[in-house]
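Below: one structure, written as structure tokens.
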Amino acid sequence: MKILVTGGAGFIGSALIRHLIRETGHEVVNIDTLTYAANPDALENAADDPRYVFEHVDICNGDAVRRVLATHQPDGIIHLAAESHVDRSIDGPDDFIQTNIVGTFNLLEAARAYYEELDGQRKARFRFHHVSTDEVYGSLGADGLFTEETPYAPNSPYSASKASSDHLVRAWQHTYNLPTVLSNCSNNYGPWQFPEKLIPLMILNALRGRALPVYGDGQNVRDWLYVEDHANALQQVFEHGRIGERYNIGGRNEVTNLDLVHTLCATLDELAPDPELGAREQLITFVEDRKGHDRRYAIDATKMVGELNWQPQQTLETGLQRTVQWYLDNPHWAASIRNAGYDGQRLGLASSHRAAPR
């Protein structure tokens, strides 16, 4: 089977492609516009495999997407291309609307035209898998879990743009009979994650003896999912998920942001002790909270477990150990990010800056 993956040079997309090339016999066509958060190096050995092809394409360019479909003739699409950082969406929502909504629309229209021209056997096996986030559900109270029936209540420009794209995918399935399946995941972490996100930012700051900024009181709760477990789940949803269905993917690892940072500090102190610095938890600093910061996310993955026989392989403890060790083993990667202009600066303060339209 040949799979078109959008956003395959991103954090989750690259993990998915590594998994598909390593664990399956599928061919992969990766289309990515290579924004600041993309990293072709994250594809590692997969990029040298004869079953892998890269196309430098923006999903907002409908003509380019149609060309890729016509040229490579994929048997399905896994759509991950998206702007994904909440803080950046607060500072400049323009790119989020363009990529996550307009880009998804362009991709759906190109996929629909392509699908309608397939012959019977290829049409029967084609599917469009849209990858989304649990943030579309809004914020939970102290109890309860997000299920596939939880009403949408997005609270940030990012989550609103992803909710919009989810609704487009649902509408294209019901109106045009495009065979779609949708998944919503909890917070991902692991190797190669761009350091604007909480876990890599804390690791890299702690290694340099810099402040570890925790938003608000640090009691916001997230459910953490190791990215390689997510990649395996995406394969299962794409191959075996029921058309028209939604699947929630979570790691069953609820923890407050503050407790997570304490765990990272302890792990770093164990794996990379610094006698001059001492205990790294002394670097924790509370800063102004994110605007509209959702209090708690937690996923009920019962449907994934029951229907698709999927289970996460990493606990939060083992996943964080693997992640910290990867960053310790790859200091050149963090240096390349800093050299490109990102050095851990705070985002999401909603300054007067607006991202320039594309």
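No lab work stands behind these numbers, since they all come straight from the coordinates. Computed from a predicted structure; not experimentally measured. Note that we place each Cβ from the backbone using ideal geometry, even for glycine, and neighbour counts take in every protein chain shown.
Values for this structure:
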quantity	calculated
Interchain or long-range residues, amide H under 5 Å from Ser132's placed H	Ser183, Asn184, Cys185
Residue with peak Gaussian network fluctuation, the chain [Cα springs, cutoff 10 Å], from Ile337, Ile203, Ile299	Ile337
Over the chain, relative contact order from alpha-carbon pairs under 8 Å, at least 6 apart, %	19 percent
Relative contact order (percent, whole number), region 169-246, Cα cutoff 8 Å, 6+ residue spacing	50 percent
Inter-site label distance for Thr35 and Gln313 at 7 Å from Cα along Cβ, in nm	3.0 nm
Overall form of region 1-110 per C-alpha gyration tensor (a/c, 1.5; a/b vs b/c)	oblate
DSSP bridge pairs, the chain: antiparallel proportion in percent, nearest 5	10 percent
For region 261-331 and region 84-160, distance of Cα centres in Å	25 Å
Amide hydrogen neighbours beyond the local backbone of Gly10, cut-off 5 Å, H modeled	Asn39
Residue order, fewest to most beta carbons within 10 Å, for Tyr152, Tyr327	Tyr152, Tyr327
Euclidean distance of C-alpha centroids, region 55-76 and region 161-180, integer Å	19 Å
Highest-MSF residue in the chain out of His167, His130, His79 [GNM, Cα springs under 10 Å]	His167
Ranked Asp91, Asp58, Asp134, criterion: other C-beta atoms within 10 Å, fewest first	Asp91, Asp58, Asp134
The chain: most fluctuating residue of Ala110, Ala335, Ala206 per GNM, C-alpha cutoff 10 Å	Ala335
Counted charge near Tyr297, where neighbours are those whose Cβ lies closer than 11 Å (Asp, Glu -1; Lys, Arg +1)	-2
Pair Gln282, Val255: separation of 7 Å Cα→Cβ label points (nm)	2.3 nm
Exposure proxy ranking, count of Cβ atoms within 10 Å, fewest first, for Val227, Val5	Val227, Val5
